[in-house]
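Here is the structure we will look at, set down as structure tokens.
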Amino acid sequence: MATGRVDPERRERIIGAALDLIAEEGVAGTSHRKVAARAGVPLGSMTYHFTSMDELLREAFTRFSGEVVALFGERLGAAATPDEARAAVTSLIHELGEGGQRNLVLTHELYTLAARRPEFRELTRAWMRSSRDALERHFDPATARRLDALIEGMSLHQALDTEPHDRALTEEAVARITAPGGS
């Protein structure tokens, strides 16, 4: 780890440490002091790189949502046919649902902030818009919106359930939503 004034990775380590702490202790349990200790940086680095905890939280959740959006783009970008796009959606549901406790907690911590605070709500709106944009490469806007909600809901159920989810059930749900006149 670099020390002193030249440490180009410091800001990124702080953001990563913040995400790890949020996943373990929630937003309420995350402090400048804990993040600095986790990142292995002096406490003063926190205010040097981030004017407030809100700024750090926005940066951390922007990184997290960007990772999920990139996954959407990667999976759906590889699809060349409608059938491949449906298979990509099914895979996304299972991949996100199997992402573990960390992703589940981070998503819901962001949603809780967004429910209470407009500046975080804007971040979730941008995330949803980006997800739908990736889906709209293959599906009309109304179908993309439904699929986005299906991905969110089924991956949440999969993450919280103790039983493995049947891929055939997911495939059927995607097929129903994407069928002409689907619902």
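The values are calculated or read from the model by the stated rules, or taken from the named source; none is laboratory data. Treat the numbers as computed from the prediction; the structure is a model and nothing was measured. Don't worry about glycine lacking a Cβ; one is built from the backbone with ideal geometry, like all the others, and counts go over all protein chains shown. Note: areas computed on protein heavy atoms with side chains; ligands, DNA, RNA excluded. Shrake-Rupley method; radii C 1.70, N 1.55, O 1.52, S 1.80 Å.
Can you give the Kirkwood hydrodynamic radius for region 24-105, in Å, rounded to one decimal and based on Cα pairs? It works out to 15.1 Å. As a fraction of the 1.4 Å probe accessible area of region 105-183, surface on carbon and sulfur atoms comes out at 54 percent. Normalised per residue, the accessible area of the chain is 54 Å², obtained with a 1.4 Å probe and no contribution from ligands, DNA or RNA. How far is helix 141-160 tilted, in degrees, relative to the longest principal axis of the Cα atoms in the chain, given as a value from 0 to 90 rounded to the nearest 10? Helix 141-160 and the main axis of the chain meet at about 60 degrees. Per atom type, region 18-83 shows carbon and sulfur on 55% of its accessible surface, probed at 1.4 Å.
Taking the Cβ of Ser52 as the center, what net charge do the other residues with Cβ under 12 Å away carry, scoring Lys and Arg +1 and Asp and Glu -1?
Summing Lys/Arg as +1 and Asp/Glu as -1 gives -3.
If you sort Arg176, Arg11, Arg58 by accessible surface, 1.4 Å probe, largest first, the order is Arg176, Arg58, Arg11.
When only alpha carbons of region 47-156 are considered, Rg and Dmax amount to 14.8, 50 Å. When the chain is treated as a GNM with alpha-carbon contacts under 10 Å, the residue of Ala28, Ala173, Ala142 showing the greatest mean-square fluctuation is Ala28. Applied to region 57-73, the Karplus parametrisation 6.51 cos²θ - 1.76 cosθ + 1.60 on θ = phi - 60° returns per-residue 3J(HN,Hα) values of 4, 4, 5, 5, 6, 5, 5, 4, 5, x, 5, 5, 4, 4, 5, 4, x Hz, with x for Gly and Pro.
In whole Å, what three semi-axes, largest first, describe the equivalent ellipsoid of region 140-183 built from its Cα gyration tensor (square root of 5 times each eigenvalue)?
21, 12, 5
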